[in-house]
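The values are calculated or read from the model by the stated rules, or taken from the named source; none is laboratory data. All values reported here derive from a predicted model rather than from experimental measurement. Cβ coordinates were reconstructed from backbone atoms using ideal geometry, including for glycine residues, and neighbour counts include every protein chain displayed. For accessibility, only protein heavy atoms count, side chains too; no ligands or nucleic acids. Shrake-Rupley method; radii C 1.70, N 1.55, O 1.52, S 1.80 Å.
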Amino acid sequence: MLKRTHTCGQLRPDDIGKKIILSGWVHNWRDHGNIYFLDLRDRYGITQLVIDAEKTPDIHKQVQKIRCEWVVAVEGTVRKRGEENPKLPTGSIEILVEKIEVLNEAATPPFELADAGKISEELRLKYRYLDLRRPQMQSRLETRHRITKIARDYYNELGFWEIETPMLAKSTPEGARDFLVPCRLFKNTFYALPQSPQLFKQILMMSGTDKYFQIVRCFRDEDPRADRQAEFTQIDVEASFVDTNDIISIHEKLIAKFWKEILDIEIPLPIRRMGYKEAVDNYGIDRPDLRFDMKLKDVSDIAKNSTFKVFKTVIEKGGVVRGICCPSRLGGPGGSQILTRNYIEKDLTAFVADYGAKGIVWLKVSDEGGKLSCTGSVAKFFDAAQLEQIAKRFDAKNGDTLLFIADTLKNANKALAPLRCRLGKDVKLYGEGRFEFVWITDFPLFEWNEEENRCDSTHHPFTAPIEADLAKLDTDPLSITSQAYDIVVNGSEIGGGSIRIHRPEIQQKIFDLLKITRQQAQDRFGFFLRALDYGTPPHGGIALGLDRMIMILTGTDNIRDVIAFPKTQKGQCLMTEAPSSVDQKQLDELNLMLKPEK
RNA sequence: GGGGCCGUAGCUCAAUUGGCUAGAGCAUCGGACUGUCGAUCCGAAGGUUGAGGGUUCGAGCCCCUUCGGCCUCGCCA
């Protein structure tokens, strides 16, 4: 076998005259009769080969039968090209082939790799090895590698140890649905694949490892989305004797490093922080997209005095009227009209209906000689002073559109937050390539679970309350602030963590409030509660969503684009055809019996 | 569990209100050509319209069932 001396992305004009060997896949070929061009591709790039019938008639004959994706090695001389190809880094040179060796033939590919046109994802997933050969996919894999490499180096510098935790773990029915793995040696018992190494990393702190990290696979058996797979990767971190500021400061530097190394973008540090309440009040959600302003405002106080029945009824029932103010024109004043009546009453109304909103009420702002007012089908239910007051509340300008949703506070926010994001995008309120980071802090420790009539952890049951609120555990748990923090960029949560509870009695109180009985706590977390008893240092940590970060860094909105071998929305791997049925013998060994379908 | 979009040649798509032998570009195969780089030109082959059933004189198109892909609500401590 000819052994390569260079790669297909390497040769430059300085190499002209050198005798070299290249190996790779045939990317494309152009047969001009007596002259024959062949593009050779490997991970590093593409290099043009030339075969001249007059100089090397044997090779010219041999190359006629070579096709796309055949694997070949060639020996030849680097020379200057007649006309350069500015699209390729190697575009100034070519290889005059003196010897060619076919290392492997290839079946005709089911789709064309050369043209980066759209190929159905189904096909790409089935022939993933072909899809991954495409330069764009290679680049995504490389970005992923570089990020994990940067992270490993960074944590190593700071004294963190990379420690593996079990993949075969104990099932905890809280949280997401577990993937179960039957255990052969203890009949009728199951392992669960970890939803996260949460308890293990805390126990590592109890074990005195002080600083831990892991780039770790996590499993949650819930329906996938464009940015969610059942199987995903976290950069998981925990440290002892730290507070919120320690974790935040370590990680905003790391995130800044990611953005600098991959996109050459400087993130100004420190990243701003915003309290949970401020985020929800102004943006309706705890992961606000801060690339544009457009804050939500409450107009319940004005609406309740109007004669508009829809508003009045909602408010009487304890609901709110909240809204946003949006420029009606694309890219701001002067752009073309976008918030047309049709767009609002059809597109946007259908959009918010997905989030449970019954409808959108809208008003158009007019400014007549400094006197603000509003027009629209519901304007008649308000007097002039009220309309002016509403316009002023939004600091609205002539031509702006005000959009309102009347519902419970929670439901109104649930619809308005995505509506705000959609409008920001549709009306082009921000440019491409902008990244607005924010740490969200001061989360409530609990949320009220109406159906179960108890508290639910906002974050998870191991999150510590702030010291000042400890006393409220017995009196007013819903008003307790937690020591949790999320890192958000452009409305996407890319990580979150907390300072953990390190005192057993507080951990027990939390379980009590979550209405987890002592018995249940022992069954599920007994090992953990026991470990807490043996001298647990104060500790805290964070987990960064690796897949989501790579998505943002590579500019794709599809998580499957950043995972080498992803699964479809039904959890299948189209390449291997997992999941699949198993032999009766395997079931017997596990003491399992299948129920008939349906 | 619910809602939406989609499925036609190897690939990407087209086919008027249901109407003649289901078309095009690329790929494939054959031929031509000494400078292309998404080569070009000439020609050929390529179809159970995802599957099954129904309505009709006639179905790619309408109806029902089903399979698959994507988006989404719920779900994701």
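A few points about this structure:
- Verdict on A:Glu94 being surrounded by 15 or more Cβ atoms within 10 Å (Cβ to Cβ), acidic (Asp, Glu) and assigned by TED's automatic domain parsing to the domain that holds A:Tyr44: yes
- When the criteria are applied in full, A:Pro109 meets the requirement of being part of a loop (DSSP other than H, G, I, E, B), closer than 29 Å to A:Ile51 by Cβ and open to solvent by less than 50 Å² (accessible area, probe 1.4 Å).
- Of the residues screened, A:Pro268 is not one that is in contact (Cβ under 8 Å) with a residue 40 or more places away in the chain and not polar (S, T, N, Q).
- The stretch A:545-587 - residue that is more than 13 Å from RNA strand B (Cβ to nearest atom), of a type in the set (Val, Ile, Thr) and under 16 Å from the mean Cα position of the chain (by Cα) and, of those, surrounded by the most Cβ atoms within 10 Å (Cβ to Cβ): A:Ile550
- Options A:Ile559, A:Ile499, A:Ile552, A:Ile506; residue that is of a type in the set (A, V, I, L, M, F, W, C) and under 20 Å from A:Pro197 (Cα atoms): A:Ile499
- Output for the stretch A:390-407, where each listed residue is open to solvent by 20 Å² or more (accessible area, probe 1.4 Å), in contact (Cβ under 8 Å) with a residue 24 or more places away in the chain and in a helix (DSSP H, G or I): A:Arg393
- Residue check for A:Asn34: closer than 16 Å to A:Lys65 by Cβ, open to solvent by 20 Å² or more (accessible area, probe 1.4 Å) and not charged (D, E, K, R): no
- Within the stretch A:192-215, tally of residues that are in contact with a helix residue (DSSP H, G or I) (Cβ under 9 Å, 6 or more places away or on another chain) and either at pLDDT below 95 or aliphatic (A, V, I, L, M) (or both): 4
- Any hit, the stretch A:129-136, residues being in a helix (DSSP H, G or I), more than 7 Å from RNA strand B (Cβ to nearest atom) and touching a strand residue (DSSP E or B) at 6+ places or on another chain (Cβ under 9 Å): yes
- Residue within the stretch A:179-194 that is within 12 Å of RNA strand B (Cβ to nearest atom) and of a type in the set (D, E, K, R) present: no
- Applying a threshold of 8 Å to beta carbon distances and a minimum spacing of six or more residues, or different chains, the list of pairs starting in the stretch A:572-587 at a residue that is closer than 22 Å to A:Leu130 by Cβ and ending at one that is among the hydroxyl-bearing types (Ser, Thr, Tyr) and open to solvent by 90 Å² or more (accessible area, probe 1.4 Å) reads A:Met575/A:Tyr129.
- When each of A:Leu103, A:Leu88, A:Leu49 is tested for being near RNA strand B (Cβ under 7 Å from one of its atoms) and open to solvent by less than 80 Å² (accessible area, probe 1.4 Å), the lone residue that passes is A:Leu88.
- Hey, A:Asn305 open to solvent by 70 Å² or more (accessible area, probe 1.4 Å) and either among the aliphatic types (A, V, I, L, M) or touching a residue at least 60 places away in the same chain (Cβ under 8 Å) (or both) or not: yes
- Among the residues listed as A:Phe258, A:Phe213, A:Phe241, A:Phe311, the single one being aromatic (Phe, Trp, Tyr) and surrounded by fewer than 21 Cβ atoms within 10 Å (Cβ to Cβ): A:Phe241
- Helices (runs of 4 or more DSSP H) completely within the stretch A:435-537 that count 3 or more residues being in contact (Cβ under 8 Å) with a residue 40 or more places away in the chain: A:504-513, A:518-532
- The stretch A:500-527, subset of a type in the set (A, V, I, L, M, F, W, C) and touching a Leu at 6+ places or on another chain (Cβ under 9 Å), residue surrounded by the fewest Cβ atoms within 10 Å (Cβ to Cβ): A:Phe527
- Every residue from the stretch A:91-100 that is near RNA strand B (Cβ under 8 Å from one of its atoms) and over 24 Å from A:Pro135 (Cβ atoms): A:Leu96
- Pairs where the first residue, in the stretch A:200-215, is farther than 19 Å from A:Glu157 by Cβ and touching a residue at least 12 places away in the same chain (Cβ under 8 Å) and the second is open to solvent by less than 30 Å² (accessible area, probe 1.4 Å) and among the polar types (S, T, N, Q), C-beta under 6 Å, 6+ apart: A:Phe200/A:Thr165; A:Met205/A:Ser240; A:Met206/A:Thr536
- Selection status of A:Pro13, within 10 Å of RNA strand B (Cβ to nearest atom) and open to solvent by less than 80 Å² (accessible area, probe 1.4 Å): no
- Residue match in the stretch A:480-499 (condition: assigned by TED's automatic domain parsing to the domain that holds A:Thr554, open to solvent by 40 Å² or more (accessible area, probe 1.4 Å) and out of contact with any strand residue (DSSP E or B) (no Cβ under 7 Å at 6 or more places or on another chain)): no
- With respect to the conditions (1) over 30 Å from A:Gly208 (Cβ atoms); (2) open to solvent by 80 Å² or more (accessible area, probe 1.4 Å); (3) more than 22 Å from the chain's Cα centre (by Cα), A:Arg134 falls short on a single one, namely (2).
- Looking only at the stretch A:62-78, and only at residues there that are more than 8 Å from RNA strand B (Cβ to nearest atom) and of a type in the set (D, E, K, R), the one that is most open to solvent (accessible area, probe 1.4 Å): A:Glu75
- Candidates in the stretch A:408-425 are the residues that are under 15 Å from A:Val299 (Cα atoms) and open to solvent by 20 Å² or more (accessible area, probe 1.4 Å); of these, the one that is nearest to the chain's Cα centre (by Cα) is A:Leu409.
- Candidate set: the stretch A:137-170, residues that are open to solvent by less than 90 Å² (accessible area, probe 1.4 Å) and within 13 Å of RNA strand B (Cβ to nearest atom); chosen: the one farthest from the chain's Cα centre (by Cα): A:Ala169
- Of all residue pairs spaced 6 or more apart or on separate chains, those with beta-carbon atoms under 6 Å, a first member in the stretch A:224-237 that is in the same structural domain as A:Ala176 (by TED's automatic domain parsing) and a second member that is of a type in the set (Val, Ile, Thr) and more than 9 Å from RNA strand B (Cβ to nearest atom) are A:Gln234/A:Val216; A:Ile235/A:Ile215; A:Asp236/A:Val216; A:Val237/A:Ile542.
- Residues being over 23 Å from the mean Cα position of the chain (by Cα), surrounded by 14 or more Cβ atoms within 10 Å (Cβ to Cβ) and of a type in the set (D, E, K, R) - total across the stretch A:175-200: 0
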